Amino acid sequence: MRASLEDRLLSHFEIDLTTGCWNWSASKRYNGYGQITSAKKNLYPHRVSFEVHIGKIPLGLHVCHSCDNRACINPDHLFLGTPADNNADRNAKGRQAKGKDISKNRRSMAAEGNGRAKLTESDVLAIRAQSIGCTTLARKYGISQSQILRIRKGDSWQSVIHRVPASPTE
């Protein structure tokens, strides 16, 4: 007989004694959030934990993490909020994307001005200038190795012009 959703939830986490987080130890999505299946539907374990321990989630509300750990299912670290509340919490903690609208150049704004941009123009120039491996750069900037390659080849962030250093004789 298949275990109940609550039993499966409570059998797949590890407690971090430092933070108090109950870290989901089963399947995770690409974005770091856990996933658990019930009735052929993929659910977020932090939402299931909220419903098991606290109660029903009203329509339109998010289950937010006070600990900022997407894998955490500790009900003491979960709270309800609107999408606006969730965004305000993210911004207050400095977790929003790094993209900034610092230029009046439309092509530049398309990249850095994108709210989902993880890099700035100076990051892109540094990536192109450095000769260290893609794996190291990907970890440093929090992006994929393939994105590092696209930046270096000029397929991504095309608006950031390769600046060739002037020769010492000029």
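From N42, N23, grab the single residue that is in contact with a strand residue (DSSP E or B) (Cβ under 9 Å, 6 or more places away or on another chain), assigned by TED's automatic domain parsing to the domain that holds D85, surrounded by 15 or more Cβ atoms within 10 Å (Cβ to Cβ) and among the polar types (S, T, N, Q). Steps first, please.
Working: N42 fails: surrounded by 15 or more Cβ atoms within 10 Å (Cβ to Cβ).
Checking each option against the conditions leaves just N23.
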Report summary line: Listed by first then second residue, the pairs whose first member lies in the range 79-92 and is in the same structural domain as C64 (by TED's automatic domain parsing), whose partner is in a helix (DSSP H, G or I) and at pLDDT 90 or above, with beta carbons under 8 Å and at least 6 positions apart or on separate chains, are L80/F50
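Here is a check on your reading of the model: is H65 without any contact (Cβ under 8 Å) to a residue 40 or more places away in the chain and more than 18 Å from R95 (Cβ to Cβ)? Write out each step before concluding.
Values: without any contact (Cβ under 8 Å) to a residue 40 or more places away in the chain: yes; more than 18 Å from R95 (Cβ to Cβ): no.
So H65 does not fit the description; no.
Would you check if T136 is modelled with pLDDT of 85 or more and more than 29 Å from S66 (Cβ to Cβ)? It would help to see each step written out before you state the result.
On the way: modelled with pLDDT of 85 or more: yes; more than 29 Å from S66 (Cβ to Cβ): yes.
When the stated conditions are applied, T136 passes them.
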Report task. Please tell me if G81 is of a type outside the set (D, E), more than 29 Å from S144 (Cα to Cα) and touching a Cys at 6+ places or on another chain (Cβ under 6 Å). Result -> yes
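Of the residues F50, F13, which single one is aromatic (F, W, Y), in contact with a Ser or Thr (Cβ under 7 Å, 6 or more places away or on another chain) and closer than 21 Å to L80 by Cβ?
Working: F50 fails: in contact with a Ser or Thr (Cβ under 7 Å, 6 or more places away or on another chain).
Only one candidate qualifies: F13.
Every residue in the range 115-136 that is farther than 27 Å from N91 by Cβ and surrounded by 16 or more Cβ atoms within 10 Å (Cβ to Cβ), please. Before you say what the answer is, go through the steps one by one.
Restricting attention to the range 115-136, the residues satisfying the condition of being farther than 27 Å from N91 by Cβ are 128-136.
Listed by number, the residues that qualify are R128, C134.
So, R90, is that one of a type in the set (D, E, K, R), surrounded by 13 or more Cβ atoms within 10 Å (Cβ to Cβ) and either at pLDDT 90 or above or not in a helix (DSSP H, G or I) (or both) or not?
Working: of a type in the set (D, E, K, R): yes; surrounded by 13 or more Cβ atoms within 10 Å (Cβ to Cβ): yes; either at pLDDT 90 or above or not in a helix (DSSP H, G or I) (or both): no.
It is false that R90 is of a type in the set (D, E, K, R), surrounded by 13 or more Cβ atoms within 10 Å (Cβ to Cβ) and either at pLDDT 90 or above or not in a helix (DSSP H, G or I) (or both).
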Report task. Six or more apart or on different chains, Cβ under 6 Å: which pairs go from a residue in the range 130-142 that's of a type in the set (G, A, S) to one that's crowded, with 17+ Cβ neighbours inside 10 Å? Could you list them? Result -> A138/I148
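The values are calculated or read from the model by the stated rules, or taken from the named source; none is laboratory data. All of these numbers come straight from a predicted model, not from anything done at the bench. As a convention, Cβ positions derive from the backbone with ideal geometry for all residues, glycine included, and neighbour counts pool all protein chains shown.
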